[in-house]
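The structure under discussion appears below in the form of structure tokens.
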Amino acid sequence: MDVVFRAADGYSDSIPVDLARDPSVLLAVSQNNKPLRQEHGFPCRVRIPAIYGMKNVKWLESIELVAD
């Protein structure tokens with residue numbers, strides 16, 4: 001199973017469900033106790049430390065669980 005993250009700009013990416021369950025994976029809505037700014041992914045951004053930052057989906061609109 002994979003978790004697919006879809007963004008408002010049309011970008012999407014997926015990670016294995018086991019990685020998605022890791023406590024280090026976050027849905028970020030703020031940074032330094034302030035709401036995310038538009039350029040950083042407002043209103044919500046996925047933060048997955050185990051993958052490259054450019055693959056962390058910004059402007060998150062939906063999350064879907066799909067079969068491999």
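When we screen Ser24, Ser62 for residues that are among the polar types (S, T, N, Q) and out of contact with any Pro (no Cβ under 9 Å at 6 or more places or on another chain), the only hit is Ser62. Of the strands (runs of 3 or more DSSP E) entirely within the chain, those holding at least 1 residues that are among the acidic types (Asp, Glu), touching a strand residue (DSSP E or B) at 6+ places or on another chain (Cβ under 9 Å) and open to solvent by 70 Å² or more (accessible area, probe 1.4 Å) occupy 60-66.
Restricting attention to the stretch 25-68 and to residues that are hydroxyl-bearing (Ser, Thr, Tyr) and free of Cβ contacts under 8 Å to residues at least 40 places away in the same chain, the residue that is nearest to Ser12 (Cα to Cα) turns out to be Tyr52.
The values are calculated or read from the model by the stated rules, or taken from the named source; none is laboratory data. None of the values given here were measured: they were computed from a predicted structure. Neighbour counts are summed over all protein chains in view; Cβ atoms, including those assigned to glycine, are modelled from backbone coordinates with ideal geometry. Each accessible area value is taken on the protein alone, full model and side chains, heavy atoms only, with ligands, DNA and RNA left out. Shrake-Rupley method; radii C 1.70, N 1.55, O 1.52, S 1.80 Å.
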